[in-house]
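Written below as structure tokens is the structure these notes are about.
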Amino acid sequence: MNDSPGWASPGSAPSDGDDSGAPAQPEPSDRARAASKWSQEQPPAGQWSSPGAGPTPPPPTPGWGPQPGHGGWGQGPGQPPGTNWNQNYGRPPAAKPGVIPLRPLSVGEILDGAVSTARAHWRTVLGLSLTVAVISQLAQILARRFILPTPASVDPNATGSQALHQAVDAMQSSLLDLTPPLIIGQLATLFTTAVLTIVVSRSVLGRPVSLGDAWTEARPRLLSLLGLLSLLLVMFAAIMAVGVLPGVLLGGNGGAALAVLGGLAASVVTLWLYVRFSLASPALMLERQSIVQSLRRSTKLVNGSWWRIFGITLLTSILVTIVSMIVVLPFSAIAMAVDSSTFSDIVNGSGTGFGWSYLIISGIGAVIASAITYPIAAGVSVLLYIDQRIRREALDLELARAAGVPGYETPGS
């Protein structure tokens, strides 16, 4: 099986997984792996050449530095073309047909690319994220109002075992209250990630894309993406259960300590696997991979870069959380002011649940926050995938040819 499948647009067959039984070929170099598989009619990979040049020069070295015979971008006065006067520090700018330069990306460029995608295709992005956010918030409000049980009452004057039982009941009630937002939020993230992955991939090439086009291309992969998400959730839940269950079964103070230690160990393993499989979703959508193959692709791309991807993912999560809090907190404050009596009753343990006014006002804030943060989170995930493929498989050359950048044409084109 070829470990480096090409960038495939939706509808094309994956290059990873075609096992015809033919004899194994020698392992190509990283640059040779960049042979285009964007379309079935794509000619063989061409050499790095400047437009109008005569004989085809040798391929460039991985540093993207000035090449012999190519025009330098920083010639000194009186120097002939093709002479770069700053050979030690100067590098020609990378092609940028879309929202990112086609070279290994920095953290700032990944974040900027996600924001630039939302700005460049704001109608498509805003229409999708706002629609999904409204539907998901309505579902959460209805679930909290009609499905969830009444919050457990708390007596502030309780002591001893009574206070302990009330604390356990309150904790169970809180966990149950978080279940609908978790499930509905994951489904909303699934849908937006599927469609926005297509939008971001087209933005990298500088191509326009409508919401209808993105939905048409993403729809055939939704069930596979749902299966991938479900598999990961079950895997993470099983790991946490294995870590905590022995302590729970043991009981007592020793069991509680064992449950805490087991939970911490399980959390570390879950985090490691989460980052390791974090690029599976873009691989499944863009390479048309199966669930198992997309997990393998993510593992291959993350290998050796776990800490970098973890850091960028953590930074993105922090930024998204800060943006959400900035948007949501004012609406929550307004909701508490409007529905102050209900909120006070719940705090004192005598209320039966939040009123409609509180749920609606706070839901509006959550919709706005989700409409802003969904595109950023999805964009960073896709651009991390593209960046890793540029670093490992020279995807930048293939993308430049697909975008029609001058100087990247294949011979005879």
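Readers should treat all values here as calculations from the given coordinates under stated rules, not as data from a laboratory. Please read these numbers as outputs of a predicted model, since none were measured by experiment. Here the Cβ is made from the backbone with ideal geometry for all residues, glycine too, and neighbour counts use every protein chain on show.
Would you mind putting 194-207, 290-303 in packing order, based on average other-beta-carbon counts within 10 Å, highest first?
194-207, 290-303
Which distance in nm do the two modelled labels at Trp306 and Leu222 give, with both placed 7 Å along the Cα-to-Cβ direction?
With each label placed 7 Å out from Cα toward Cβ, I get 3.5 nm.
Val199: net charge of surrounding residues, Cβ under 15 Å, Lys/Arg +1, Asp/Glu -1, itself excluded?
Net charge around Val199: +4.
Can you compute the modelled spin-label distance between Leu273 and Leu187, with each label point 7 Å from Cα toward Cβ, in nm?
In this crude label model, Leu273 to Leu187 measures out at 2.4 nm.
In nm, what is the difference between 0.36 nm times the number of residues separating Leu319 and Leu142 and their Cα-Cα distance?
60.8 nm
Distances over 17 Å make up what percent of all Cα-Cα pairs in the range 219-343?
Working: 5473 of 7750 pairs.
Percentage above 17 Å: 71.
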